[in-house]
Amino acid sequence: MARSRPGPLDYTRRWWLRFWLLATFVFLYAPIVILVVFSFNDSRRNIVWQGFTTDYYVRALNNLSLLEAFGNSLTIALLSTVISTVLGGLLALGLYRFRFPGRSSVEAASALPIVVPEICMGVALLVFFAEIGWRPGLPWPLSLANIVAGHVAFSFPFVAVVVRARLAGFDRAQEEASKDLGASEWQTFRYVTLPFMKPGLIAGALLAMTLSLDDFVITFFTSGPDTLTFPVKVYSMVRFGATPEVNAASTVLIAVTVLLTILAVRLQRPDKGVA
Amino acid sequence: MRPPIVSIDGVTKRFGETAAVDQVSIDIQANEFFALLGPSGCGKTTLLRMLAGFETPNEGRILIDGDDMTRVPPNRRPVNMVFQSYAVFPHMTVEANVAYGLKVEGIGGAELRRRVDEALAMVRLENFRARKPDQLSGGQRQRVALARALIKRPKVLLLDEPLSALDKKLREQMQLELVRLQHEVGITFVMVTHDQEEALSMANRIAVMDHGRVLQIADPRTLYEHPTHRFVAEFIGTVNSLDVEVRSVDGPHARIRHPLLGEITVERAAPDVERGVVVARPEKLRLDFSAPPVDGEILLDAVVEQIAYYGDLSFVFVRCPDGTALQISRYNVNRQDKGDPAAGSLCRVGIHPDDLLLVGTG
Amino acid sequence: MQSWRESPGVVVVLLAPAVLWLLLFFLIPLGFIWVISFGERAGPVAIDITWTLANYRDAIDPLYLGLFTRSLRIAAISTVIALVIAFPVAFAITFASPRLKPILLLLVILPFFTNMLIRTYAMIAVLRRNGYVNFSLEQLWEAGAFALQPFGLAGMLGERFVPLDLLYNNTAVVFGIVYVYLPFMVLPLYASLERLDRSLLEASLDLGASQFRTFFFVTVPLAVPGIVSGIMLVFIPAMGTFLISDLLGGPSSQLIGNVIERQFKAANNWPLGAAMSFLLLYLTFVLLVLRAWFEKRDRGRG
């Protein structure tokens, strides 16, 4: 079948726009792809492909401090995700549902962590924990508490945004129908409102998880000298020079975040789970 | 006859495998108010968008005033469009919206002012020139869209469902206004609509489309009284359709057989109709309780099943002993009437063969 | 929405945790550095709050003023480049087929969620002297030299390939910022283009405007909210970045972020670092107010 000429608004069928799109994606992905590919390259310095190896993964696995850092980061991410999801979900529901004095201030203040430069928040937390006399020598996992506090502070506003976006599509008549059919306030929340919020909560949780795993700046400023987290560890390794072990460790983290992101995007699609 | 202002010549537009517009040919004469009528998805909007240049046909040609426009981009075509959503630019004032089309032509100064004033006066928006679109009602926004298109003095004005976003009262008012405007400016209007009453009351000629094909092109009266297809008969107005057996055809007539009507001669909608259904408009049937049949009328016994009262007229739904359902409409001319028959009562239905038409089912 | 008076208990349960957390781990810490920014160093760790403005004076002292203007310049240049690259991308995604659109969006979002440190690190391997850009250039050079040899022109390209110094300068920092923050520009642009009624573009073409004119007089004005958001989302983090300039920049491409970091981590001059942080915050607030103003104007026209 003959293809018709592109219409005036068929911009994606114009060659230069396709080229632009392709070039941008090459720009965005080439460095990451190279990084991943060369974590399997059987050569320390050479950038030419020498052969496949998983040596660097083995070496990264045997690097105890790297493993400890990875474990710390995962622990922080998990704790931060749970707390952020609860805080963000409650806040979203409160802002969606109620009128109260100072509502717009709460709304504006809770959006601030999203826009304030990370470094300002980082140094603020550093000063804060120093001033309140936070002692770094606490037993694990308490030693991570300050980092978790910081991560929650910048993650839960994102959760709240995602959950509110979900709630915006909620038909309050469903709650009225539930009460009309004899359900109590709590039963209505439990069986009608909460199931509706669920995709938003899951997407928000995954977002909080990725944000926490990806954070470098806040962790860098909040962590004490003895607490190793993955980004801080990688940062110090990078400063000493790029090594294939860093590539291997980074690849693992990229894989984790890519999976989480794809999950989050899938769950956030508006047509998913809408009654 | 003068050459047509718009000539659509064997145009086909496919989206993937399906043909949205399938081998359509229409000639539209200068100064016509032409309507493209059909249910949603029939291809009428695609056809209009091909006239405007937003879609390019896979096959066929589109001529406007004798020039081949098939491959000409929309901004170089002598046609303008009133969009279904009006597409009034939200970031410009009423005046800037109306002036836009002239400004892009490089017209400015006194002429621009004069023509903008003229266009605003034509749609009675002189006092709204400094407003932004969000400060206007739906009807006013539509007038901006009209003025904005007409100021270009197009050879053809295209209107995509122009009244569908308005409420009923405003719609009726705008129907009259559009017809008045068309007379005033003497420009050919091509309107897409799915509303048959709108098409009948506004257009000089109508093309009825279904599944990408044009079924019939005719003036409103012909479409209503002499539909050539069952689809046209059923889409425009209401109709009783009876499956019949065609015994023979002879020029404009056909000899048909039906269990209720017996064997009679009826009009044939087109020379190629050799099988099909017989249609009769509800208002052509007569509900009779006692009076004897008028000349040539066939009387059928029936039972009244249901009444729908619309004020000015009533629809009476009856069923004949063989199960055939018919509907008859009656004007409520006399205030002192006792009203419609009760459901369940017996009646007779008078059908005159002159009011029957054999139409094709294709 | 219902009034809080109907069930004050529920309102407290819903809001208190988030509000308290925000206060304790965000607003109060910011308050701490605000106060410290008016302090004086009294010994290696002690700080006296004397409400002096000296730190702010120091921060805009010629020594650091150059730093501010450099940060502004680099952030501005990066933002403009990101805008120029992102607009066609957002435009293409907006008009992509419904099948392709989610895939393209995912492709934009994925890097957005990939660790910034790792992405910056990946950039080093591309730009360094024995990195991929230079490697590719060398291949090109050799191919060129080989092709020119028969004509006796082999020397034309120089005796041997000299790798370019792509890393550790301002250009590398701009490159890194554009690379890391590009998705932040694409997404808001896409969001506002997606809301754009296509028939507005068609109306403009229909009225005789060229594609070019339609783009600049209809598409761009109506995408202003997205453009403003995108600029905010790139410019603010670019102003505050210290990681990208730390890893990709040279000694002369230090930005405010690097100096703030040094005041807290190495130099231990907290009051000066706090004052600089707050200058950065004030700039952020000015931009937020500007954006709010744009949004209000935009909402005003429905």
Starting from the 7 Å offset along Cα-to-Cβ, what nm value, one decimal, do you get for the label separation of C:Ala266 and B:Glu283?
9.3 nm
Using a 1.4 Å probe over the heavy atoms of the protein chains, calculate the carbon and sulfur portion of the accessible area of chain C as a whole percent.
70 percent
Is there a quick way to get the dipole size of the stretch A:118-272? I mean about its Cα centre, with the Cβ of Lys and Arg at +1 and of Asp and Glu at -1; what is the value in debye to the nearest 20?
220 debye
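In the structure displayed, which of B:Lys13/B:Lys132; B:Lys169/C:Lys101; B:Lys152/C:Lys101; C:Lys101/C:Lys296; B:Lys168/C:Lys101 lie more than 32 Å apart, Cα to Cα?
Values: B:Lys13/B:Lys132 37 Å; B:Lys169/C:Lys101 41 Å; B:Lys152/C:Lys101 37 Å; C:Lys101/C:Lys296 30 Å; B:Lys168/C:Lys101 38 Å.
Going by Cα-Cα distance, B:Lys13/B:Lys132; B:Lys169/C:Lys101; B:Lys152/C:Lys101; B:Lys168/C:Lys101 fall outside the 32 Å limit.
For the stretch A:68-121, which chymotrypsin sites (Phe, Trp or Tyr not before Pro) are both in a DSSP coil and crowded by at most 15 other Cβ atoms within 10 Å?
Details: sites: A:Phe70, A:Tyr96, A:Phe98; in loops: none.
Passing both the DSSP loop test and the Cβ count: no residue.
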Structure-based [θ]222 nm, chain B - -39500 (n - 2.57) summed over DSSP H runs of at least 4, per residue, nearest 500
-7000 deg cm²/dmol
Under the helix-only model (-39500 (n - 2.57) for each DSSP H run of 4 or more, divided by the residues of chain C), the mean residue ellipticity at 222 nm, to 500 deg cm²/dmol, is -22500 deg cm²/dmol
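May I ask you to list, by number, the DSSP H helices of chain A whose Cα span along the axis is at least 27 Å and whose average Kyte-Doolittle hydropathy reaches -0.5 or more?
Span-like helices here: A:15-38, A:64-97, A:145-167, A:194-214, A:244-268.
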What is the spin-label model distance, in nm, from C:Met1 to B:Ser85 if the labels are put 7 Å beyond Cα along the C-beta direction?
2.7 nm
Considering the options B:Phe317, C:Val289, C:Val220, tell which one lies farthest towards the positive end of the dipole of the protein assembly as shown, charges being +1 on Lys and Arg and -1 on Asp and Glu at the Cβ, about the Cα centre.
C:Val289
Rolling a 1.4 angstrom probe over the protein heavy atoms, how many square angstrom per residue are accessible across chain B?
46 Å²
Under the rule of at least 5 residues apart or a separate chain, name every residue whose amide H is placed under 5 Å from the amide H of B:Thr188.
B:Asn31, B:Leu157
Amide N of the stretch B:291-334 lying under 15 Å from the label point, which is placed 7 angstrom from the Cα of B:Asp354 along Cα→Cβ
B:294-298
Please sort through the DSSP H helices of chain C and keep those with an alpha-carbon extent of at least 15 Å along the long axis and a Kyte-Doolittle average not below 1.6.
C:8-22, C:62-94, C:101-112, C:116-127, C:224-240
What lysines sit close enough to C:Lys265 to cross-link, taking a C-alpha to C-alpha distance under 19 Å and skipping anything fewer than 8 places away on the same chain?
A:Lys233
Could you tell me which residue out of C:Leu255, B:Val303, A:Leu201 lies farthest along the dipole of the protein assembly as shown toward its positive end? Charges go on the beta carbon: Lys and Arg +1, Asp and Glu -1, centred on the Cα centre.
C:Leu255
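Quick one: buried accessible area between A and C, total over both chains, 1.4 angstrom probe, nearest 100 Å²? Please list the in-between numbers first.
Values: alone 17010 and 18470 Å², together 27400 Å².
The contact between C and A buries close to 8100 Å².
Once R0 is set to 45 Å, what does the formula 1/(1 + (r/R0)^6) return for the Cβ-Cβ distance between B:Ser164 and C:Glu295, expressed as a FRET efficiency to the nearest 0.05? It would help to have the intermediate numbers written out before the result.
Working: r = 32 Å, r/R0 = 0.70.
Computed FRET efficiency for B:Ser164 and C:Glu295 comes out at 0.90.
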Positive end of the dipole of chain B, charges at C-beta (+1 Lys, Arg; -1 Asp, Glu), about the Cα centre: which of B:Ile5, B:Ala270, B:Pro74 has its Cα farthest in that direction?
B:Pro74
Separation of the B:Asp243 and A:Ser65 label points, Cα + 7 Å toward Cβ, nm
8.9 nm
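Okay, helix-only estimate at 222 nm for chain A: each DSSP H run of n ≥ 4 adds -39500 (n - 2.57), divide by all residues, round to 500 deg cm²/dmol; what do you get?
Details: 12 runs with 191 residues, N = 275.
That comes out to -23000 deg cm²/dmol.
May I ask you to compute the full-extension gain from B:Asn334 to B:Glu267, defined as 0.36 nm times their residue separation minus their alpha-carbon distance, rounded to one decimal in nm? Please list the in-between numbers first.
On the way: separation 67, 0.36 × 67 = 24.12 nm, distance 3.32 nm.
Stretched out fully, the B:Asn334 to B:Glu267 stretch lengthens by 20.8 nm.
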Convert each backbone phi in the stretch C:248-255 into a coupling constant with the Karplus relation 6.51 cos²θ - 1.76 cosθ + 1.60 (shift: θ = phi - 60°), then list the ³J(HN,Hα) values in order as whole Hz, x for Gly and Pro.
9, x, x, x, 9, 10, 6, 10
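Assuming R0 = 35 Å, what is the FRET efficiency of A:Ile114 and B:His211, from their Cβ-Cβ distance, to the nearest 0.05? Could you put the intermediate results ahead of the total?
On the way: r = 51 Å, r/R0 = 1.47.
Efficiency for this residue pair is about 0.10.
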Measuring from centroid to centroid over Cα atoms, what is the spacing of the stretch C:209-279 and the stretch B:287-362 in Å?
80 Å
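With a cut-off of at most 14 other beta carbons within 10 Å, and DSSP calling the residue loop, which trypsin sites (Lys or Arg not before Pro) in the stretch C:88-190 qualify? Please list them. Let's see the in-between values first.
Working: sites: C:Arg99, C:Arg119, C:Arg128, C:Arg129, C:Arg160; in loops: C:Arg99, C:Arg128, C:Arg129, C:Arg160.
Sparse-neighbourhood loop trypsin sites (Lys or Arg not before Pro): C:Arg99, C:Arg129, C:Arg160.
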Just for the protein assembly as shown, what percent of DSSP beta bridges are antiparallel, to the closest 5?
75 percent
What dipole magnitude, in Debye to the nearest 20, does the protein assembly as shown give about its Cα centre under +1 on Lys/Arg Cβ and -1 on Asp/Glu Cβ?
2140 debye
Residues A:Gln187 and B:Phe15, FRET efficiency given R0 of 51 Å [Cβ-Cβ distance, rounded to 0.05]
0.60
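The values are calculated or read from the model by the stated rules, or taken from the named source; none is laboratory data. Source: prediction; values computed, not measured. Cβ sites come from the backbone with ideal geometry, for glycine too, and all protein chains shown count toward neighbours. The accessibility values were calculated without ligands, DNA or RNA, using every heavy atom of the protein model including side chains. Shrake-Rupley method; radii C 1.70, N 1.55, O 1.52, S 1.80 Å.
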